[in-house]
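*Asks:* Just passing along the structure, written as structure tokens.
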Amino acid sequence: MAKKHPSPIRGTTTDGLAVTITETELGHLTQLAGWEGFDRTADQALRTQGLTLPSDFRSSVRRGPATLWRTAPDRVLIRSETPLRRVETAVNLAILDLSDSRVCLTLEGPGASGLLSRVAALDFGDAAFLVGQFAQTAIHQVSVLIDRQGIDQFTLLIPTTFAMALTSFLADHLTAELVSKPMNR
Amino acid sequence: MTARRLLGGGRIDRSRQITVQFDGRSFLAHPGDTLASALLAGGQKILGRSFKYHRPRGLVAAGVEETNALVHLRDGERHEPNAQATMVEAFDGLRSTPQNAWPSLQFDFGAINGLLSRFFGAGFYYKTFIGPFSGTKFWMFCEGFIRQAAGMGRATTLADPDQYEKINAFCDVLIVGAGPAGIAAALAAGRKGDNVILVEQDRDLGGSLLSEPVGSPSDGWLAQARAELDDLPNIRVLTRTTAFGAYDCEVFGLVERVQDHVLAPERGKPRQRYWVVRTSRAVLATGAIERPMVFAGNDMPGVMLTSAVRSYLNRYAVLAGERIVVATNNDSAYTAAVELAKSGAKVTICDIRKEIPAQLGANAKSAGIDLRPAHAVLKVTGCKGVKAAYLVPVSSQGKATGGSVRVACDIVAMSGGWAPTLHLWSQRFGKPIYSEGLDTFLPLAEKGAFTCVGSLVGSASLRDALQQGHKAGGGTGKEPALFGHADFWGRNLLPVTVVTKADGGTPGKAFVDFQHDVKLADIDQAYREGYVSIEHLKRYTTSGMAADQGKTSNLNALARMAELRGLAIPNVGTTTFRPPYTPVTIGAIVAHDHGLHLRPTRLSTIHDWHTENGAEMMDAGLWLRPWYYPENGESITEAYVREAIHVREHVGIVDVSTLGKIAVQGPDAAEFLNRVYVNGFKTLPVGRLRYGIMLREDGFVFDDGATARIGEYDYFMSTTTANAAKVLARAEYLLQTAWRDLKVHVTSVTDQWAAIAVAGPKSRRVLTDVTSADLSREVLPNNHFTYVTIGDVPCRLHRMSFSGELAYEIYIPAKSGRKVWEALIAAGPPHNLKPYGLEAMGALRIEKGHIAGSEIEGRTTMKDLGLEGFASSKKPFVGSVLRKRPVLEDPKRPSLVGLEIIGNQGATAGSLLFAMNAPAKGHGEGWVSSTTYSPALKKNIALALLSRGPERFGETIQVVDFVGNQTLHAKVVSHHFFDPEGHRQNG
């Protein structure tokens, strides 16, 4: 079994760029799923929360502490600090609490996109994966959602039961910082 | 051969001296040297022994096409076999040793094979399969020796101490090869603003320009180009990186030798890095490799490719010999010859062609070269090194037309033309195109997203190569202006590389494939025996099948077969190349996916409690699960028996978080469940749960589980651990194709919920204590659920039994899993609550006759399992039709029974069943599916599938484990060993 790492994990990629991996509070995670007319019914329901339904599957929608990702034509995932206000229309919209199913990792630092390039087959270049975009992909054969919040900052949602394995896998790519002397440039 | 380091020149750092070792000897070298150039400068003639005949061999090349100088590199855990000395960068402290020679390079017993060469011709190994004696005894006898002799170097079995990594990269244009054409392409594309990756296998950029004499005009051009490449931020230059594979959709595999050139990798750096590059387009500028000439003794140390002799001269300042004979059929060797003469060697050129371009002839003569047109080298002699070459006048077919003249020499430099390095192109697009004028195969200049430039497409001059590269990159900026020598190989080439006596034979062994020791005579033999297609030729002679993939042999072998068959080369064909272009270490491809990270490990949120409290863990697919909790040094058997008894007599707690859990939601959820389960789900009320069985379309049992109705349109389905993903995938498939009309969504919630089972006569008491809820039989009957709070955590409590005891399953929001477990443990002592693991859980359910994964592994139907009554006759469901196929209704099919094993030995799962008086041969009448020691019955029992099983209760049968070589006897009984009425779980 992989090693457990104390949080936060600090290290550098083999390019010498620093990354910090921190487990952060996920808060609430809710999935809304629908059928025909999802665009309409979901958009209506989301507006009551101050959110809107995006038309594509890469743009994250943010409002305050809440974020929405459209993960499929008929599904959205919403991260929020408080539970979503009750949405009726169970006939048209299925609501599912997934707050315990994911662990939230934040990758921060100049080495963040380099680290992700080593574990996921996606272009993490600044022009290809814009700040404010997200992607659903796989790391170490496990499905993950990656949300870019800054040039050097990514949020990862990883399944709870794979959290230890994936965190360890990510950490494996980093060399722990030594108590360092000032670097000569 | 008297090679020496020249006093000046070379692209080496003479200000620093380093030491490398080979075969116990130390050699002085400089940064910039390869191991090969250091050994050459130090006078090491013999660098290896050939594969089959163990003939002494020296350097043939200066690059990746080297076939002979394969050495062992480093000692201990970093030891590496079959390293090409020409590709190893020399560094201080490098240790290398010879391979494939015993007791020494100088004197190798293996050379005796050379005397037996008659028996080692083409297809010799294959021939042992078919004779000369009947049967396979002779073959097996030879097999022993062949296995011992197979392979060249020896690998280490010590663990690799180094790290490797994999990285994904994306670009607009990938340029392979940083020779002049590649650099021109990179500059043009970079100036245009494209994202460029430029890949070069050498440590330095420059390609063929690095073999120009130091001080040539190309030096200035290169320096400027390097500076501009550095300045452009959109160009990533990867040196020491080989593009080894071109795959579909413009995906390329590269391997970067990050720290191969130092003693040990620095902290934080990988030894090698595997790049997977996805690009929009590719420019291949991979150059060309020179072709050897084929004549007797052409494998002797001292016989080299002319371009290699030139590289050693100009790049490494090593003059390979004092007296050099250049054997050629084209113009390209002349520049080298003149440079060698000017460096002090005595040079003779024998050119098969009668007519030699005037300028070249004049240059040669004024350099003091002895020029012999219409001549070729027929034979080379010497003892473990070239001493003399025998030159003959030849016809334009390469056949001797007169007597030979002996010319004393220590180096023979061959130039039989050039073969473009089109491997990546061929990997992608298949067969290349033969060019008669160049007597070689070429890729198409443009195909798909690939452009090929430079020597790769036979560019006629350096200027042409640069222009092609510039255009391929997008033509931006100033066109590169650099002129080369007027020595294009394709002009007036005479396409003859084989030199023979007048009768067509060679006076001695003439080699085509050096690495696999394939002779011209082997090609001829293959032809005589009918193996004339190119695919047969390759496999029958093994020509082109060594690690070098025939880089210096393919064309010559092909040309010979074409000549024998009287066909033009393109009509004989060519073989296709496959990745990798050069060998790639598996460690680089594996990167971090090994050891603890071979697969992702999946853990329950309660996992740490188990390991902290002494549980032995076991692998269940990707999961780690508690196997048993040994107390006081118990063995596994003692532990699980104790645990199972404890559950039956008191109460046990087990972590079942691994169960698959799927949220089934939507107005048509009930209809969906009704279609996938064999039993009815349409009218399941909210607050109830029901056990269900699912079939595959072909009527076999697929999975089982329990589904609870949480709300009007909300269901919670559980599946077996192993099938969770399969069930979800199946559901998605049906909903998205056949059942698009159903308004249902399925979502995995396996991670959302931790799950704990509490089982045993006291389970109700424990749970009542910890929840303060009314859990009486009336309020919470079997197959109902309710909501409770445990340790402040809202949970759902299901009453359902897998063990056959009074039992409950608690579903907990996963992140609170451990908290709830600990609350239960804390409430446990008054009731003697103890944890139990997988092994005890197995014993309990087997005693009860409950089916699990081993009974529903895809070969059994409900009827086989005695569960036919479960299926509804009122509605169709997946599998309902095909389960009624006559073959599945056959009464002889193995059916589920129990076995009481006679004796103290337990049965092994998978053992086959035979009647007592029947011989234990063949597939038998059934098999054992699950096995355990039953604590309740105090005997070894098993669940099994037996033909006509239920009709045979009371019969004693044989239980045969063919793998473990053991036979037991057992009595056939009902599989409901324990509490068949179900009193306990319904309590």
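The values are calculated or read from the model by the stated rules, or taken from the named source; none is laboratory data. What you see is a predicted model, and the numbers here were worked out from it, not measured in a lab. Every residue, glycine among them, receives a Cβ derived from its backbone with ideal geometry; neighbour counts consider all protein chains shown. To get the accessible areas, we keep the full protein, side chains included, count just its heavy atoms, and leave off ligands, DNA and RNA. Shrake-Rupley method; radii C 1.70, N 1.55, O 1.52, S 1.80 Å.
*Asks:* Would you pick out the residues in region B:764-801 that are on the phi > 0 side of the Ramachandran plot, under 52 Å from the mean Cα position of the chain (by Cα) and of a type in the set (Gly, Ala, Ser)?
*Replies:* Once the filter is applied, which keeps residues that are on the phi > 0 side of the Ramachandran plot, under 52 Å from the mean Cα position of the chain (by Cα) and of a type in the set (Gly, Ala, Ser), region B:764-801 yields only B:GLY791.
*Asks:* Scan region B:260-271 for residues that are in contact (Cβ under 8 Å) with a residue 40 or more places away in the chain and more than 8 Å from chain A (Cβ to nearest Cβ) and jot them down.
*Replies:* Across region B:260-271, the qualifying residues are B:ASP260, B:HIS261, B:VAL262, B:LEU263, B:ALA264, B:PRO265, B:ARG271.
A quick yes/no check of all residues on (1) under 26 Å from the mean Cα position of the chain (by Cα); (2) part of a loop (DSSP other than H, G, I, E, B):
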{"residue": "B:ARG539", "(1), (2)": "yes, no"}
{"residue": "B:SER543", "(1), (2)": "yes, yes"}
{"residue": "B:LEU555", "(1), (2)": "no, no"}
{"residue": "B:THR574", "(1), (2)": "yes, yes"}
{"residue": "B:PRO579", "(1), (2)": "yes, yes"}
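*Asks:* Also, quick follow-up: Suppose we keep only residues that are without any contact (Cβ under 8 Å) to a residue 12 or more places away in the chain and in a loop (DSSP other than H, G, I, E, B) within region B:594-642. Which one would you say is farthest from the other protein chains (Cβ to nearest Cβ)?
*Replies:* So the residue we want is B:ASN632.
*Asks:* Quick one: which strands (runs of 3 or more DSSP E) sit completely within region A:20-82 and have at least 3 residues that are on the phi < 0 side of the Ramachandran plot and touching a strand residue (DSSP E or B) at 6+ places or on another chain (Cβ under 6 Å)?
*Replies:* Answer list for region A:20-82: A:28-34, A:66-72, A:75-80.
*Asks:* While we're on this one: Within region A:78-109, track down each residue that is in contact (Cβ under 8 Å) with a residue 40 or more places away in the chain, more than 17 Å from B:GLY666 (Cα to Cα), open to solvent by 20 Å² or more (accessible area, probe 1.4 Å) and more than 8 Å from chain B (Cβ to nearest Cβ).
*Replies:* Those that are in contact (Cβ under 8 Å) with a residue 40 or more places away in the chain, more than 17 Å from B:GLY666 (Cα to Cα), open to solvent by 20 Å² or more (accessible area, probe 1.4 Å) and more than 8 Å from chain B (Cβ to nearest Cβ): A:ARG79, A:GLU81, A:THR82, A:PRO83, A:LEU84, A:GLU108.
*Asks:* Let me ask you something else. Just the residues that are surrounded by fewer than 17 Cβ atoms within 10 Å (Cβ to Cβ) and closer than 23 Å to B:PRO667 by Cα, please, taken from region B:692-735.
*Replies:* Listed by number, the residues that qualify are B:GLY711, B:GLU712, B:ALA729, B:GLU732, B:TYR733.
*Asks:* Just need a number here: residues in region B:53-79 that are open to solvent by 40 Å² or more (accessible area, probe 1.4 Å) and without any contact (Cβ under 8 Å) to a residue 24 or more places away in the chain.
*Replies:* 1
*Asks:* Hey, which of the strands (runs of 3 or more DSSP E) in region B:340-415, taking only ones fully inside, have at least 1 residues that are among the small types (Gly, Ala, Ser)?
*Replies:* B:375-381, B:388-393, B:405-408, B:411-415
*Asks:* Give the residue that is surrounded by the most Cβ atoms within 10 Å (Cβ to Cβ), with candidates limited to residues of region B:275-311 that are in a helix (DSSP H, G or I) and over 35 Å from the mean Cα position of the chain (by Cα).
*Replies:* Out of the qualifying residues, it is B:VAL309.
*Asks:* Ok, one more. Test A:VAL61 against the criterion of being open to solvent by less than 20 Å² (accessible area, probe 1.4 Å), of a type in the set (A, V, I, L, M, F, W, C) and not assigned by TED's automatic domain parsing to the domain that holds A:CYS104, and give yes or no.
*Replies:* Considered against the rule, which asks whether it is open to solvent by less than 20 Å² (accessible area, probe 1.4 Å), of a type in the set (A, V, I, L, M, F, W, C) and not assigned by TED's automatic domain parsing to the domain that holds A:CYS104, A:VAL61 comes out as no.
*Asks:* Against the conditions (1) out of contact with any Asp or Glu (no Cβ under 7 Å at 6 or more places or on another chain); (2) away from chain B (no Cβ under 14 Å); (3) open to solvent by less than 70 Å² (accessible area, probe 1.4 Å), where does A:LEU116 fall short? Just the number, please.
*Replies:* All conditions pass for A:LEU116, except number (2).
*Asks:* May I pose another question? Please tell me if B:ASN554 is touching a Ser or Thr at 6+ places or on another chain (Cβ under 9 Å), away from chain A (no Cβ under 14 Å) and open to solvent by 20 Å² or more (accessible area, probe 1.4 Å).
*Replies:* yes
*Asks:* For A:PHE154, indicate whether it is at negative phi, touching a residue at least 24 places away in the same chain (Cβ under 8 Å) and either more than 8 Å from chain B (Cβ to nearest Cβ) or touching a helix residue (DSSP H, G or I) at 6+ places or on another chain (Cβ under 7 Å) (or both).
*Replies:* Criteria met by A:PHE154.
*Asks:* Filtering region B:688-740 down to residues that are in a strand (DSSP E or B) and polar (S, T, N, Q), which residue is farthest from B:LEU622 (Cα to Cα)?
*Replies:* B:THR707
*Asks:* Another one. Run down B:GLY817, B:GLY853, B:GLY858, B:GLY804 and say which single residue is outside any strand (DSSP E or B) and at pLDDT 95 or above.
*Replies:* It is B:GLY817.
*Asks:* Within the set of pairs 6 or more residues apart or between chains, which connect a residue that is within 30 Å of B:GLU529 (Cα to Cα) inside region B:562-590 to a residue that is of a type in the set (A, V, I, L, M) and assigned to a loop (DSSP other than H, G, I, E, B) with Cβ atoms less than 7 Å apart?
*Replies:* Once the first residue is within 30 Å of B:GLU529 (Cα to Cα) and sits in region B:562-590, its partners that are of a type in the set (A, V, I, L, M) and assigned to a loop (DSSP other than H, G, I, E, B) give B:ALA562/B:ALA568; B:ARG565/B:VAL532.
*Asks:* Here is a further query. Determine which member of the set A:PHE162, A:PHE169, A:PHE129 is more than 8 Å from every other protein chain (Cβ to nearest Cβ) and out of contact with any Ser or Thr (no Cβ under 7 Å at 6 or more places or on another chain).
*Replies:* A:PHE129
*Asks:* In addition: Only one of B:VAL276, B:VAL318, B:VAL325 is within 14 Å of chain A (Cβ to nearest Cβ) and modelled with pLDDT of 95 or more; which?
*Replies:* On inspection, the qualifying residue turns out to be B:VAL276.
*Asks:* Another question, if that's okay. Taking the condition polar (S, T, N, Q), more than 10 Å from every other protein chain (Cβ to nearest Cβ), open to solvent by 40 Å² or more (accessible area, probe 1.4 Å) and under 23 Å from A:THR24 (Cβ atoms), does A:THR52 pass?
*Replies:* Taking the combined requirement at face value, the residue does not satisfy it.
*Asks:* Before we move on, is B:ASN82 assigned to a loop (DSSP other than H, G, I, E, B) and within 26 Å of B:MET545 (Cα to Cα)?
*Replies:* So B:ASN82 fails the test.
*Asks:* Does B:PHE681 meet the test of being open to solvent by less than 30 Å² (accessible area, probe 1.4 Å), of a type outside the set (Asp, Glu) and without any contact (Cβ under 8 Å) to a residue 40 or more places away in the chain?
*Replies:* When the stated conditions are applied, B:PHE681 passes them.
Per-residue answers, yes or no, for (1) touching a helix residue (DSSP H, G or I) at 6+ places or on another chain (Cβ under 9 Å); (2) under 22 Å from B:ARG310 (Cβ atoms); (3) assigned by TED's automatic domain parsing to the domain that holds B:GLN259; (4) part of a loop (DSSP other than H, G, I, E, B):
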| site | (1), (2), (3), (4) |
| --- | --- |
| B:GLN21 | no, no, no, no |
| B:LYS52 | yes, no, no, yes |
| B:VAL64 | yes, yes, no, yes |
| B:ARG95 | no, no, no, no |
| B:ALA101 | yes, no, no, yes |
